[in-house]
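Notes for the one structure printed next.
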Amino acid sequence: MHFAGQILKMISQNGKPIQYYLNLKNDLINMNQLIGKELNIRHIGYECVNCGSDEKIYRMGFCKRCFFESPYASNTIIRPELSTAHLGIAERDLEIEKEIQLVPHIVYLAYTGDVKVGVTRIHQIPTRWIDQGATFALPIAVTNNRYEAGMIEMELKNHLADKTNPKKMLMDDYEDTIDLIDFRDKVAEYFPNDFKRFAVSDENVVKLDFPYEKPEKINVFTLDKKPDYSGVLNGIKGQYLSFEGGDFINIRGHEGYVIELDV
């Protein structure tokens with residue numbers, strides 16, 4: 001089978017196991033069905049996810065100009081505490097920023113090799129946790145907008161990680177003694193006083209089942225260094241494809257790359 005197109009992040013469907021679909025712009029390819037098969041991936045160009053130009057991708061699927069101009073790549077995507085849409089103040093495009101920021105958000109704890117704190121829009125659950133490769137996760141606050149969630153996260157990340165360590169996540173090592181409810185109760189005191197009202201006491205820890213077995217070693221490669229790669233697909237976790245021999249590629253990290261895929 002031959003496919004070609006611009007890479008967008010994999011689409012996931014929660015299940016036992018999670019189902020993954022490689023999104024090549026015009027094709028959705030069920031990757032679970034390709035586990036155990038040899039894939040050949042060839043990098044043949046770029047296509048900015050925003051403007052469609054063939055300039056080299058700078059970050060997050062954007063060419064350099066779009067990365068610094070598009071509201072979908074603004075600082076508040078990474079740092080929600082900088083949100084200003086609730087004040088009617090634009091960063092790049094107020095109408096788009098209202099759509100992103102002025103909706104309910106969740107602050108959560110997730111285990112991705114370490115217990116981390118994160119923020120996402122409520123409709124992104126559980127997709128956000130799947131994309132991060134979380135073994136299990138727990139909402140700890142529900143806010144009205146992105147700014148409120150960011151202010152809670154900003155305080156909690158003084159005590160917890162707020163980024164995923166990819167190698168720890170892919171090694172899939174965790175102790176049964178990890179208790180997110182206990183973590184939530186311990187960090188509750190760190191909520192800013194004005195934001196304690198957003199705390200929730202959800203007792204249902206969400207466990208995620210990835211089509212994945214941890215390897216003996218991990219070697220993450222990029223298509224910049226290996227533009228023509230062949231390997232047998234072993235499994236999938238987060239946005240990473242795992243191949244025999246311990247090779248991994250981060251699909252989300254290659255958004256905007258144009259490839260040919262042969263199976």
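The values are calculated or read from the model by the stated rules, or taken from the named source; none is laboratory data. From a predicted model like this one, the values you see are computed outputs, not experimental measurements. Quick reminder, even Gly has a Cβ in these numbers, built from the backbone with ideal geometry, and neighbours come from all protein chains shown.
Restricting segment 101-124 to residues that are touching a strand residue (DSSP E or B) at 6+ places or on another chain (Cβ under 7 Å), of a type in the set (Val, Ile, Thr) and in contact (Cβ under 8 Å) with a residue 40 or more places away in the chain, the residue that is farthest from Ile251 (Cα to Cα) is Val103.
Conditions tested, residue by residue: (1) in contact with a Leu (Cβ under 6 Å, 6 or more places away or on another chain); (2) part of a helix (DSSP H, G or I); (3) within 30 Å of Arg184 (Cα to Cα).
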position	(1), (2), (3)
His43	yes, no, no
Ile57	no, no, no
Phe68	no, yes, no
Ile96	no, yes, no
Val117	yes, no, yes
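Filtered by the rule that a residue be surrounded by fewer than 22 Cβ atoms within 10 Å (Cβ to Cβ) and closer than 19 Å to Leu8 by Cβ, segment 230-247 gives Leu233, Gln239.
Which ones in segment 9-28 are among the hydrophobic types (A, V, I, L, M, F, W, C) and crowded, with 18+ Cβ neighbours inside 10 Å? Scanning segment 9-28 gives Met10, Ile18, Leu22, Leu24. If you go through segment 195-217 and pick out every residue that is modelled with pLDDT under 95, of a type in the set (Asp, Glu) and farther than 12 Å from Ile140 by Cβ, you end up with 2. Among the residues here, Glu81 qualifies as within 27 Å of Arg197 (Cα to Cα), in a helix (DSSP H, G or I) and in contact with a helix residue (DSSP H, G or I) (Cβ under 6 Å, 6 or more places away or on another chain). Taking residues in segment 15-30 that are closer than 18 Å to Tyr240 by Cβ, and partners anywhere that are of a type in the set (Ser, Thr, Tyr), the pairs with Cβ atoms closer than 7 Å and at least 6 places apart or on different chains are Ile18/Ser12; Gln19/Ser12; Tyr20/Ser12; Ile29/Tyr21; Asn30/Tyr21. Filtering Glu91, Glu95, Glu148, Glu155 for residues that are in contact with an Asp or Glu (Cβ under 7 Å, 6 or more places away or on another chain), among the acidic types (Asp, Glu) and over 30 Å from Pro17 (Cβ atoms) leaves a single hit, Glu91. Residue-level analysis places Ile152 outside the set of residues that are surrounded by 15 or more Cβ atoms within 10 Å (Cβ to Cβ) and more than 21 Å from the chain's Cα centre (by Cα). When segment 168-189 is filtered for residues that are surrounded by 12 or more Cβ atoms within 10 Å (Cβ to Cβ) and either of a type in the set (D, E, K, R) or not assigned by TED's automatic domain parsing to the domain that holds Ala110 (or both), the ones remaining, listed by number, are Lys168, Asp172, Asp179, Arg184, Asp185, Lys186.
Just give me the residues in segment 67-100 being among the basic types (Lys, Arg) and closer than 22 Å to Gly256 by Cα, in sequence order. Hit for segment 67-100 is Arg92, nothing else.
Looking across segment 119-162, just one residue is within 29 Å of Gly15 (Cβ to Cβ), in contact with a Leu (Cβ under 7 Å, 6 or more places away or on another chain) and polar (S, T, N, Q), and that is Thr135.
Reported count of residues in segment 98-115, each being surrounded by 15 or more Cβ atoms within 10 Å (Cβ to Cβ) and outside any loop (DSSP other than H, G, I, E, B), is 11.
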